[in-house]
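Presented below is the structure to which this report refers.
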Amino acid sequence: MGIFVGPGLEAGYRRGMILLHLAAFAVAFAAPALPPEHAPHVLAAASEQGLDPGLLAAVCARESMFVDGAWRSEPGLRRVLWRDAPGGPERWAVDGSIGPCQVLRSNFRAMGIDNDAEAYDLANNYRVAAAILRWSSDAFPGSPWLAVTAYNTGVGQARAGLQAKGGYTATILAWAPGYRAALERVVEPEEFVYGADGTILGRFVRDGTGRILGSRDHDGRLFDLHGVLVEAL
């Protein structure tokens, strides 16, 4: 027997079905642990694009289980000019998905990267993945479901109603809160700053990518790079 859903109930029904799918996939599939060395790159790439880092981590977890050297050939796509390393000889290569975020070679080319060495670099892999996810999110404002689907199928296919296979979207949306919570526990590393006589002058404060945010004095107050007090403890 079919279920009739009136026009006024359709949106609520769809939301309910999405939540039901999310709950089912959260139970059925255990999210792989985020490797510690990946966390700074997730945070930096998500911050650059204004994304939820938990969502970016979940996308890449579902794509490859965070396997650094992951590769999937896509022989049905057009070949691309590619190199093994920067400055190396170009060759026509089969397109394919590279690294933990499974970014296509053709997408790397569009972002100025044309070789395996740089494409497999974690910083680049997450940076380009975040740019694609940002583009997908902008194409479907207010709809994480469609934005995540578009990362897999492409924006045009998502607009046409094509759904990603294998519970792809539901799994990612179910995993995202857990990764978000884990990334919120990543502590900014600090290091002491020493004077010529060996005395401690203060401590640099860096973000997860190693970028200096400012410094703390002996009283624990945080100053930005211009010496302006931004946090008093």
What's the number of the condition Thr149 fails, among (1) in contact (Cβ under 8 Å) with a residue 24 or more places away in the chain; (2) within 20 Å of Gln49 (Cα to Cα); (3) crowded, with 22+ Cβ neighbours inside 10 Å?
(1)
Looking only at region 54-72, decide whether some residue is in a strand (DSSP E or B) and closer than 21 Å to Asn152 by Cα.
yes
Do we find a residue being out of contact with any helix residue (DSSP H, G or I) (no Cβ under 9 Å at 6 or more places or on another chain), modelled with pLDDT under 70 and on the phi > 0 side of the Ramachandran plot anywhere in region 191-198?
yes
Members of region 151-177 that are more than 14 Å from the chain's Cα centre (by Cα) and part of a helix (DSSP H, G or I):
Thr153, Val155, Gly156, Gln157, Ala158, Arg159, Tyr168, Thr169, Ala170, Thr171, Ala174
Residues to consider are Trp71, Trp82, Trp92; find the one that is closer than 27 Å to Gln49 by Cα, in contact with a Lys or Arg (Cβ under 8 Å, 6 or more places away or on another chain) and not polar (S, T, N, Q).
Trp82
Output yes when any residue across region 116-135 is buried (at least 20 other Cβ atoms within 10 Å of the Cβ) and of a type in the set (Ser, Thr, Tyr), and no when none is.
yes
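The values are calculated or read from the model by the stated rules, or taken from the named source; none is laboratory data. None of these values were measured; they are calculated from a predicted model. All Cβ positions, even for glycine, are placed from backbone atoms using ideal geometry, and neighbour counts span all protein chains on display.
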